[in-house]
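Colleague: Sharing a structure here in structure tokens format.
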Amino acid sequence: MRASWLGRVSYADGLARQLALHRQRVSGDVPGTVLLLEHEHVVTLGRRGTPGDLVTGRSELEAMGVTVAESDRGGQATYHGPGQLVCYPILSLRAFGLLPVSYVRLLEHVTIGFLAEQGVDAHSVPGETGVWTSRGKIAAIGVRISQGVTTHGIAINIAPDLAYFSHIVPCGSPGMPAASVRSETGAAPTVEAAGRSWVAHLCESLDATLEATWRATGPNSEVDR
């Protein structure tokens, strides 16, 4: 597997990079790849999302500098922004012997292990998707699987401004509080350091070797070593 830290990118840019890598992974031109990044402020509406998931109107959000975007991932509304680690694995499920549900459970398991390393006691909730602490939801999952290859993934709150979550009905659950590594422990790693730790946990769980890391420079670039 490979991993790429992209820094802070727009949602549109992140999606373009995913789609380019998805095509390359389906054709076998690249190995499994994980994009690690922060997004600019954005609220995304998944396939089950509706305008009713916006507590604050679209025009007001955009006046605040928050983009609203429709997404082809599963789930409803979520927020992405600075201080949040977004992990987009572009993986062949067949290569790792995974089914869609077991893949989602894997993302939860990996994230719980990563959070434990940060001093955060986190858990999954039966019948729900994501990761929680006693204070609230700390990680949201929304994936898409096409031709057996995954896109989208998981967003983990490292140290974002949690007030932004009040502008949406997160994941279709009104009043659900949000938590972060910082709110749980009073401190947090950089998002880049968190990404490198998270992908190491993913490789360990998949019994995969992290072959290389690089910084991509454009939606269609492969590597910049």
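Colleague: Looking only at the range 172-186, which residues are among the aliphatic types (A, V, I, L, M), outside any strand (DSSP E or B) and in contact with a Leu (Cβ under 8 Å, 6 or more places away or on another chain)? Working first, answer last.
Modeller: Start the filter on the range 172-186 by keeping residues that are among the aliphatic types (A, V, I, L, M), which leaves 176, 178-179, 181.
Okay, now just the ones that are also outside any strand (DSSP E or B), so 176, 179, 181.
Once the filter is applied, which keeps residues that are among the aliphatic types (A, V, I, L, M), outside any strand (DSSP E or B) and in contact with a Leu (Cβ under 8 Å, 6 or more places away or on another chain), the range 172-186 yields ALA179, VAL181.
Colleague: Name the one entry in SER124, SER102, SER180 that is over 20 Å from ALA3 (Cβ atoms), modelled with pLDDT of 95 or more, of a type outside the set (Val, Ile, Thr) and crowded, with 23+ Cβ neighbours inside 10 Å. Reasoning before the result, please.
Modeller: Values: SER124 fails: crowded, with 23+ Cβ neighbours inside 10 Å; SER102 fails: crowded, with 23+ Cβ neighbours inside 10 Å.
Checking each option against the conditions leaves just SER180.
Colleague: While we're looking at this one, here's another question. Those residues that are among the β-branched types (Val, Ile, Thr) and either under 16 Å from HIS201 (Cβ atoms) or not in a strand (DSSP E or B) (or both), I need them from the range 141-150; list them, please. Full working, then the answer.
Modeller: Of all residues in the range 141-150, those among the β-branched types (Val, Ile, Thr) come to 141, 143, 145, 149-150.
Selection gives ILE141 alone.
Colleague: Now for a different question. Just give me the residues in the range 151-171 being assigned to a loop (DSSP other than H, G, I, E, B) and crowded, with 21+ Cβ neighbours inside 10 Å, in sequence order.
Modeller: Within the range 151-171, the subset assigned to a loop (DSSP other than H, G, I, E, B) is 158-161, 169, 171.
Selection gives ILE158, PRO160, CYS171.
Colleague: To continue, here is another question. So which pairs qualify, if the first residue must be in the range 86-104 and part of a strand (DSSP E or B), the second must be at pLDDT 95 or above and of a type in the set (Ser, Thr, Tyr), the Cβ gap must be under 7 Å, and the two must be at least 6 apart or on different chains?
Modeller: Every condition considered, the pairs that remain are TYR88/THR151; PRO89/THR150; ILE90/THR33; ILE90/THR150; ILE90/THR151.
Colleague: Another one. Is it fair to say THR129 is β-branched (Val, Ile, Thr), under 23 Å from LEU15 (Cα atoms) and either without any contact (Cβ under 8 Å) to a residue 60 or more places away in the chain or surrounded by 24 or more Cβ atoms within 10 Å (Cβ to Cβ) (or both)? Give the derivation first.
Modeller: Details: β-branched (Val, Ile, Thr): yes; under 23 Å from LEU15 (Cα atoms): yes; either without any contact (Cβ under 8 Å) to a residue 60 or more places away in the chain or surrounded by 24 or more Cβ atoms within 10 Å (Cβ to Cβ) (or both): yes.
It is true that THR129 is β-branched (Val, Ile, Thr), under 23 Å from LEU15 (Cα atoms) and either without any contact (Cβ under 8 Å) to a residue 60 or more places away in the chain or surrounded by 24 or more Cβ atoms within 10 Å (Cβ to Cβ) (or both).
Colleague: Related question: Name the single residue that is surrounded by the fewest Cβ atoms within 10 Å (Cβ to Cβ) among those in the range 15-32 being over 11 Å from PRO89 (Cβ atoms) and among the basic types (Lys, Arg).
Modeller: Checking each candidate, the answer is ARG23.
Colleague: Out of curiosity, is ARG25 in contact (Cβ under 8 Å) with a residue 24 or more places away in the chain, of a type in the set (Lys, Arg), in a helix (DSSP H, G or I) and under 29 Å from PHE96 (Cβ atoms)?
Modeller: Values: in contact (Cβ under 8 Å) with a residue 24 or more places away in the chain: yes; of a type in the set (Lys, Arg): yes; in a helix (DSSP H, G or I): yes; under 29 Å from PHE96 (Cβ atoms): yes.
So ARG25 passes the test.
Colleague: So, in the range 33-55, exactly how many residues are surrounded by fewer than 16 Cβ atoms within 10 Å (Cβ to Cβ) and polar (S, T, N, Q)?
Modeller: The qualifying residues number 1.
Colleague: So ARG73 ticks every box in (1) modelled with pLDDT under 95; (2) out of contact with any Gly (no Cβ under 7 Å at 6 or more places or on another chain) but one. Which box is left unticked?
Modeller: (2)
Colleague: Next question. Which condition number does THR33 fail, the rest of (1) among the polar types (S, T, N, Q); (2) at pLDDT 90 or above; (3) in contact with a His (Cβ under 9 Å, 6 or more places away or on another chain) being met?
Modeller: Every listed condition holds for THR33 apart from (3).
The values are calculated or read from the model by the stated rules, or taken from the named source; none is laboratory data. Here the structure is a predicted model, which is why all the values come from computation and not from measurement. Positions of Cβ are generated from backbone atoms using ideal geometry, with glycine treated the same way; all protein chains shown enter the neighbour counts.
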